[in-house]
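Below is one structure, written out as structure tokens; comments come after it.
The values are calculated or read from the model by the stated rules, or taken from the named source; none is laboratory data. Quick caveat: nothing in here was measured; it's all calculated off a predicted structure. Neighbour counts are summed over all protein chains in view; Cβ atoms, including those assigned to glycine, are modelled from backbone coordinates with ideal geometry. We work out accessible area using only protein heavy atoms, side chains counted, and drop any ligands, DNA or RNA first. Shrake-Rupley method; radii C 1.70, N 1.55, O 1.52, S 1.80 Å.
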Amino acid sequence: MPVEFLGIAATNDGSETTARSGAAFDKEYTLRLARAHEDHGWDRVLFAYGSGSPDPAPAAAYVAARLDRLQLLLAHRPNVSYPTYAAKTFATLDQISGGRLAVHFITGGNDHEQAREGDTLTKDERYARTREYIRIVKKIWTTREPFDHEGEHYRFHDFVSDVFPARQPRPDVSFGGSSPAAYAAGGAEADVYCLWGEPLEETAQQIEAVKAAAEAAGRTDVPRIQVAFRPIIAPTEELAWEKAHRTLGAIRQRRLASPARHHRGGVTEAAAPQNTGSQRLIAIADAGERYDRALWTPTAAATGGAGNSNALVGTPETVAQALLDYYDLGVDILSARGYDLLGDAVDFGRYVIPLVREEVAKRDAARAAAHPAAHARPTVAAVRA
């Protein structure tokens, strides 16, 4: 099965290593970065969500109207809008893009960040709400007759939308998380399950947990698996590791210059992450700096396990082989975001993506030749029916 590559659709040039040079929404940079992904072999870009960040939906519409091939992954938090409204927004954006939209639903792993926009539910309550929200959105996308809904978090009557997605039967839904509640919700509802980059052994365990949750929910398929990394590449191994240590130094220096905000009670987000995914990244970093072929954890440790933060370090060939290790494990969507957003998107697209695609094509051809009647690779992840 062909591998897919997901990049980032940032609205400015800031990163963990560099302060942004302009406004939070720099439309010229937003388009330039998206075009760099489209021109260098990426399949899709993520429009991320933050409580104080530019709204990702109009940013995605801006890019969709100007680029022809690049697919869009729109992050959305259920607490910010009612599902009837959100479903129409997504359908309209899918029409603008000609069927290139997927939606990533974020439950929210940090109480303080959620409360910034008035969300006071507990983590488990948020997962229950997200699961209900996704079901409603899917139904709105695919139902032409008015219907009522009486749920734990949402109630409405006689609703039917007059705008439907261009993609049929509907856009894909992606979901992420590393807790049992996350596995249960995403295993039941997601077409794509998103994980942060961890060592191969831990990733395999998470894939099995997602598969078990899907089976427990009565699904006959399981979500496709996506894993995210921070690539640090250079022409030689020595240069790559020099670059990695420079990057780590820049992350630490930037954090010293802009210390994390304090939660209630005086605990910083970096010191005490509430979400299981970040806790896992910190634990892995505490246990060791290097894993498998190229995984490097100090970047995750330096950010307090914030988001996608484990790096893959090496030459393009080394990083490509590391990504193929995950593909062989059952991962077929590879998310990558460098610290120089634009430059790294170009370099990764030029030097890594072609190597991975070539090797995946060889693997698929070999399997097809060996098993012509059933040539799909034998993995723990299966394609959505």
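A few notes on this one:
- Among the residues of segment 139-152, those that are in contact (Cβ under 8 Å) with a residue 12 or more places away in the chain and surrounded by fewer than 18 Cβ atoms within 10 Å (Cβ to Cβ) comprise THR142, THR143, ARG144, GLU145, PRO146, PHE147, HIS149, GLY151, GLU152.
- Residue list for segment 317-341, restricted to those being open to solvent by 20 Å² or more (accessible area, probe 1.4 Å) and assigned to a helix (DSSP H, G or I): GLU317, THR318, GLN321, ASP325, ASP328, LEU329
- The lone exception for THR120 - which of (1) within 30 Å of GLY305 (Cα to Cα); (2) modelled with pLDDT of 95 or more it fails: (2)
- Selection within segment 342-361 - β-branched (Val, Ile, Thr), part of a helix (DSSP H, G or I) and out of contact with any Gly (no Cβ under 8 Å at 6 or more places or on another chain): VAL346, VAL356, VAL360
- When GLU4 is tested against (1) open to solvent by 20 Å² or more (accessible area, probe 1.4 Å); (2) more than 17 Å from the chain's Cα centre (by Cα), only condition (2) is not met.
- Tally, over segment 117-172, of residues that are of a type in the set (D, E, K, R) and within 16 Å of ALA102 (Cα to Cα): 6
- When TYR327, TYR339 are screened for being modelled with pLDDT of 95 or more, closer than 20 Å to GLN205 by Cβ and hydroxyl-bearing (Ser, Thr, Tyr), only TYR327 passes.
- Pairs linking a residue in segment 310-322 that is among the charged types (D, E, K, R) to a residue that is surrounded by fewer than 24 Cβ atoms within 10 Å (Cβ to Cβ), with Cβ atoms under 7 Å and 6 or more positions apart or on different chains, are GLU317/LEU355.
- Verdict on ASP364 being over 14 Å from PRO231 (Cα atoms), open to solvent by 10 Å² or more (accessible area, probe 1.4 Å), assigned to a helix (DSSP H, G or I) and modelled with pLDDT under 95: yes
- Check on ALA102, open to solvent by less than 20 Å² (accessible area, probe 1.4 Å), in contact with a Pro (Cβ under 6 Å, 6 or more places away or on another chain) and in contact (Cβ under 8 Å) with a residue 24 or more places away in the chain: yes
- Near pairs, Cβ below 6 angstrom, 6+ apart or cross-chain, from segment 355-367 (under 12 Å from ASP328 (Cβ atoms)) to any residue that is at pLDDT below 95: ARG367/HIS375; ARG367/ARG377
- Being closer than 26 Å to VAL227 by Cβ and either in contact with a His (Cβ under 8 Å, 6 or more places away or on another chain) or open to solvent by less than 10 Å² (accessible area, probe 1.4 Å) (or both) holds for only one residue in ALA48, ALA34, ALA91, ALA86, and it is ALA34.
- Condition met for ALA217 (open to solvent by 20 Å² or more (accessible area, probe 1.4 Å) and either aliphatic (A, V, I, L, M) or farther than 25 Å from TRP296 by Cβ (or both)): yes
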